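Notes for the one structure printed next.
The values are calculated or read from the model by the stated rules, or taken from the named source; none is laboratory data. Note that the coordinates shown come from a computational prediction; the quantities given were computed from them, not determined experimentally. Remember, those area values only see protein heavy atoms, side chains included, never the ligands or the DNA or RNA. Shrake-Rupley method; radii C 1.70, N 1.55, O 1.52, S 1.80 Å.
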Amino acid sequence: MKGLELSGLYYEIYGKPMIEEKFSQYKREMAVGLVGEGSECFGFDDEYSTDHDFGPGFCIWLPRNLYMSIGEALQKAYNELPSSFMGYHSYEKIVQRRVGVFDIESFYHKYTNCGAFPKNVVEWMKIPERFLATAVNGKVFFDERGEFTRAREVLKGFYPDDVLRKKLASRLANMAQTGQYNYLRCAIRGDFAAAYLCFSEFVKLSLSAVFLLNKEYMPFYKWAFRGARELDSLKEVIELLEELILMPDNADTVFIKFDKIEFICRLIAKESAQNFEYKLEDNFLETHAKVLMSQIKDERIAALHIMADFD
């Protein structure tokens, strides 16, 4: 059974009755669901996921004033719920608490570092992409008041246009440097260790560019390919990247890999030009990055180095 389904059933059978019996007067102020860290929140869990930080559980989010008033009592009642359910046992042994009772603003602040959601483009710029992916994953089972969901919808609405352009410009400029320029130079010199690092950076940057062009946040590296396979656009790029990472770096493969790198860049350049409505025949991605930078209206974001990002 997938973790999100397990969580929903556990809430319906044990969580909802507990809330109705002991905290019914506060129910309208609560949001309930499963969001945050863990493969099950992304829907990526499998049989290997159950060996740590997995089991029946859910989150209850409260406005800060209510959390200060009843949070401790509600957490105590939550802790008294059965620890075993449908053959699964709830336990944690690796990471900090993922389920239980949370203050809404503090829950989001953990990922945004600016409260429930960013208030300006600079705050948006500073949030790592993987943190935003974590903040909007999972599922909300109940939220009558809607405070938790309103913040969630702001984050799910994706980056403001200037931030999106700047982040993509950074990815494209760095892809040009690592893949279109330095990879081949390092390999021709016979420095295959450096070539490997160049290619590794190129793959991570390419994945992020694909997510940005799909207007989805890329999860952390372990789930990047898994999440990319579910995107709508640039599926061919993901297939090529998966093919390329299995190829060794040596004298026999250098030019084969480089040709595929160039083809990936051509596909991403075309998608970028279409999405941001500009025309450019050049497939060197730094040139595309410069166009994106020229489209940015906010002076604070436009003044950043073309390769700069806070991710």
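What angle, in degrees between 0 and 90 and rounded to the nearest 10, separates the Cα long axis of helix 161-175 from the longest principal axis of the Cα atoms of the chain? That helix lies at roughly 50 degrees to the long axis. The C-alpha atoms of the chain define a longest principal axis, and helix 147-156 lies at about 10 degrees to it.
For region 149-272, the extents of the C-alpha atoms along the principal axes are 54, 26, 24 Å, listed from largest to smallest.
From the protein chains alone at 1.4 Å, what is the descending order of accessible area for 1, 18, largest first? Before the final figure, lay out the partial values.
Values: 1 85, 18 15 Å².
Of 1, 18, the descending order of accessible area is 1, 18.
Under a 5 Å amide H cut-off, with hydrogens placed 1.01 Å from N, residue 58 pairs with 100 among residues at least 5 apart or on other chains.
Taking 0.692 mPa s as the viscosity and 37 °C as the temperature, the Stokes-Einstein diffusion coefficient of region 221-311 based on its alpha-carbon Kirkwood radius rounds to 214 µm²/s. Given a 1.4 Å probe and the protein chains as shown, residue 142 ends up with an accessible area of around 50 Å². What fraction of the Cα pairs in the chain, stated in percent, has a spacing above 24 angstrom? Roughly 59 percent, once rounded to a whole number.
Show which lysines lie in cross-link reach of residue 204 when reach means a straight Cα distance below 21 angstrom and same-chain residues fewer than eight apart are skipped. Residue 204 reaches 126, 166, 167, 215, 222, 235, 257, 260, 270, 290.
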